[in-house]
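What follows is a single structure, written as structure tokens, with notes after it.
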Amino acid sequence: MSRVWGLAWPMILSNISVPLLGVVDTAILGHLPSSEYLSGVAIGASIMSMLLWAFGFLRMGTTGLVARSHDLGVQWLVRALVLALGLGVALLIIAFPSINYIVKWMNASPEAQPHALAYLQIRLLSAPVALANFAILGFFIGRQDSRAPLYILFTANLLNIALDFLFILGLGLGAKGAAAATVLADIFAFLLGLYLLTRVHVNIWSYIRDEVTKKGLLPWVDSSPWLNLLKINTDLFIRTCLLLLTLTFFTAQGAAQGDNVLAANAILIQLLMMTSYALDGFAHATEALVGESMAKRSKALFSATVRSAGLWALGSAILITLILITGKPLILSLFTDIKPVIRQAEQVYWWLCALPLLAVWSYQLDGVFIGAGKSRDMRNTMFIASVLVFFPAWWSTREWGNTGIWFSLFLWIGARSLGLIIYYQYYTVTNSWVRKLK
């Protein structure tokens, strides 16, 4: 129990700083004279999330591989960094000419489109370092070093928030200011991550140099580890693409109903993201400890991790739900003073309040499955939840307006949790989790 909390609390603080950045963006833009600024950045940020988090496997895959390693796991970090930087450059080259079409596909209003385009043209510049940051964070989490991600994310996001105030309110740069602040924060996080890597017991870069000197380049260009990395990451890539497709479609359907609905949904999604990132702190602790239990073949550590992390996460989900329910008027007023936007948010707010208790199981079991290296089951569950649940539910409730979109999202999250619970119970009944554990 204490090990879970010791790993989780720095991750909770660092994780919360990520959506907190989006919260500050939303709150600043939500208090500008028109909702078109918030709508434009909501569209742009949603597209960037889709493009960047499609490669979130670089964090999850690296965490699992490093956690199950019997050494420092440096070889996995180096491979993940090479892959991340290469994919980031490719993303920049491919996506930049396409952003006009992507924004139109998102149903952005004529007023919001220029702000979305301005945001994306700047945000894309940091794609390579943003993906490299995923690999660095995954390495530290896999080594059960939750302090380093705290330093990286918390300081970078504080910098981002300060630059938001300077660029948006001080210099009046609007969407361009929000994007520029994030680009500078991404670069700062990357440089800080590289610095912290030099302080991991031994100098990481000296370790790599010594390994190459002793063994040559052959171990680093051997295809087997790369294929292993790609096999795990392919399942996670498909899973993440389905997740982002669903959330991006959710945003696009809100945009089709007007800027006020889009702005209201942007506020509520930021609150959902804060919930998700907070609860993910326990999931990250689970990833590292379950990976350790697999490396040590320890049934006791596996069982204790799943049980204690689940209890911590459930208690936190209950607390978050109570805060959302009791704090509704204050929470919405902090984000915006535009009355039509507040009215739209109030109509679907109770769906948001119900989500933490439903979603906590999918977050926690994601941690178990990542740590155990069972990425294929995560992919299958997401496919069922998105393709067989969310989209049919949306189609059936299109005439419900924004309520139908939120109802579909509720069913989607419920299907994710239920699917992973079924997989977990199957492995428990068949003893597959612990067959190789002592």
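The values are calculated or read from the model by the stated rules, or taken from the named source; none is laboratory data. As the structure is a prediction and not an experimental result, all values here were calculated from the model. Reconstructed Cβ throughout: ideal geometry from the backbone, glycine too, with neighbour counts over all protein chains shown. Note: accessible area is taken over every heavy atom of the protein model, side chains too, but ligands, DNA and RNA are not part of it. Shrake-Rupley method; radii C 1.70, N 1.55, O 1.52, S 1.80 Å.
FRET efficiency for the A304 to R199 pair, using the beta carbon distance and R₀ = 22 Å, is estimated at 0.15. A simple rule links phi to the HN-Hα coupling: the Karplus curve 6.51 cos²θ - 1.76 cosθ + 1.60 with θ = phi - 60°, which for the range 306-311 gives 4, 5, 6, 5, x, 5 Hz, with x for Gly and Pro. Taking all C-alpha pairs of the range 308-390, those more than 15 Å from each other amount to 68 percent.
Mind giving me the FRET efficiency for L319 and I94? R0 is 56 Å, r the Cβ-Cβ distance, nearest 0.05 is fine.
After rounding, the FRET efficiency stands at 0.85.
Packing here is the average count of other Cβ atoms within 10 Å per residue, and on that basis the peptides 276-283, 116-123, highest first, run 276-283, 116-123. On a per residue basis, the range 287-438 carries 46 Å² of accessible surface, using protein heavy atoms and a 1.4 Å probe. Couplings 3J(HN,Hα) of the range 246-258, computed from phi: 5, 5, 5, 5, 4, 5, 5, 5, x, 5, 5, 9, x Hz, in residue order, whole Hz [Karplus 6.51 cos²θ - 1.76 cosθ + 1.60, θ = phi - 60°; x for Gly and Pro].
Under the simplified labelling scheme, the I422-K104 pair shows an inter-label distance of 4.1 nm, with each label point 7 Å from Cα along Cα→Cβ. Here H115 sits with roughly 40 square angstrom of accessible surface, probe radius 1.4 Å. Which percent of Cα-Cα pairs in the range 261-360 sits in each 10 Å bin, short to long? The calculated distribution, bin by bin, is 15, 38, 23, 15, 8, 1. Under a 5 Å amide H cut-off, with hydrogens placed 1.01 Å from N, L173 pairs with I168 among residues at least 5 apart or on other chains. Over the range 279-438, the fraction of Cα-Cα pairs per 5 Å bin, rounded to whole percents and listed from the shortest bin up, is 1, 9, 15, 17, 16, 14, 11, 8, 5, 3, 1, 0, 0. Taking only protein heavy atoms and a 1.4 Å probe, the accessible area of the range 151-194 is 82% carbon and sulfur.
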